[in-house]
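Okay, structure first, notes after.
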Amino acid sequence: MHRFGSPDALALLGAAGEHADSVELKALLEPPADQAAEALTGRRAPTWSVRETYLIDTADARFLRAGVEIRLRRRTRGRYDLAVSTRRSATSGPPDSTPRGVRVEIDVVPGAVWRDVEVRSAVDATVAEQVVAGTIPAARLLSPTQRVWACQAGQEVVDHGCLAALTVHGPLAVHRVKVAAAALGLRRADLEHVRFPSGVELVELSTHCRLRDVRDTAAAFERLLDEPEVAVSPRYRTKTSVWRDEIAG
């Protein structure tokens, strides 16, 4: 059984994704995260890197409902970046009026494939911290290009006036550990443990590859997921879907 489609289907996906920068294969694992980390790394109590991610949206998730996700990420050494992303059919062509500097990634999960189109920029740490604290408007985070992308690149157009109502949701507590899987044919995989404000947890295993390597990488990733001590979740939930549930209450 192929969780990520047949080898022939993945080969066609690679051909259809000629305009993408990379492919990410992802699967959810059953918690607890620490048990999965020990099984995958072979180390007792491995060290996790830690960061925080915030969703930037209106109180009623107007942009998320339109198919646009705005994420503020606090990285290492106090750095911040902001990403405005949309999801499209994986076999569709490049979106119209794509801004310069856009990053395109094909996401492959059990039972679904999509094209993630993202406009990312670095954010001044002082501005980011003031936005999180609520002392300046969240719209200050977005560049002019990101403002246009947020309002026009989703499944429906969002009025630019909604940008003034942006607020901060979160944070997500994000813990990550690297998984060495060269023996299985993977250069690297990442295990990520995400905890939402409500306490909902996701444990996700992922790996990246180039388009031309999709078929071999999927086979190697399948072998990693078939390890006896790795418990794969029977269904995949995106962070976006959890955010929608969180905001809807």
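The values are calculated or read from the model by the stated rules, or taken from the named source; none is laboratory data. Computed from a prediction, not measured in an experiment: that's the story for all the values here. Note that each Cβ is placed from the backbone with ideal geometry, even for glycine, and that neighbours are counted across all protein chains shown. Protein only, heavy atoms only, side chains kept; ligands, DNA and RNA dropped before computing areas. Shrake-Rupley method; radii C 1.70, N 1.55, O 1.52, S 1.80 Å.
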Consider only pairs whose beta carbons are under 9 Å apart and that are at least six residues apart or on different chains; among these, list those whose first residue lies in the range 183-196 and is modelled with pLDDT of 90 or more and surrounded by fewer than 18 Cβ atoms within 10 Å (Cβ to Cβ) and whose second residue is part of a strand (DSSP E or B) and of a type outside the set (A, V, I, L, M, F, W, C). D190/R176; D190/K178; D190/E204; D190/S206; D190/T207; D190/H208; R195/H175; R195/E201
Breaking point among (1) crowded, with 16+ Cβ neighbours inside 10 Å; (2) under 18 Å from P46 (Cβ atoms); (3) among the acidic types (D, E), for E222: (2)
What about L186, is it touching a Ser or Thr at 6+ places or on another chain (Cβ under 7 Å) and part of a loop (DSSP other than H, G, I, E, B)? yes
Residue pairs meeting the criteria (Cβ under 7 Å; at least 6 apart or on separate chains; first closer than 23 Å to L172 by Cβ, in the range 132-149; second small (G, A, S) and open to solvent by less than 80 Å² (accessible area, probe 1.4 Å)): L141/A128; L142/A150; S143/S121; Q146/S121
Those strands (runs of 3 or more DSSP E) lying entirely in the range 32-146 with at least 2 residues surrounded by fewer than 16 Cβ atoms within 10 Å (Cβ to Cβ) and not hydrophobic (A, V, I, L, M, F, W, C): 49-57, 80-89
Sort through R87, R62, R77, R100 and tell me the only one that's at pLDDT 90 or above and of a type in the set (K, R). R62
Looking at the structure I just gave you, is A164 in contact (Cβ under 8 Å) with a residue 24 or more places away in the chain and either buried (at least 18 other Cβ atoms within 10 Å of the Cβ) or part of a strand (DSSP E or B) (or both)? no
Scanning the range 189-236 for residues that are under 22 Å from S22 (Cβ atoms) and assigned to a loop (DSSP other than H, G, I, E, B), the one nearest to the chain's Cα centre (by Cα) turns out to be Y236
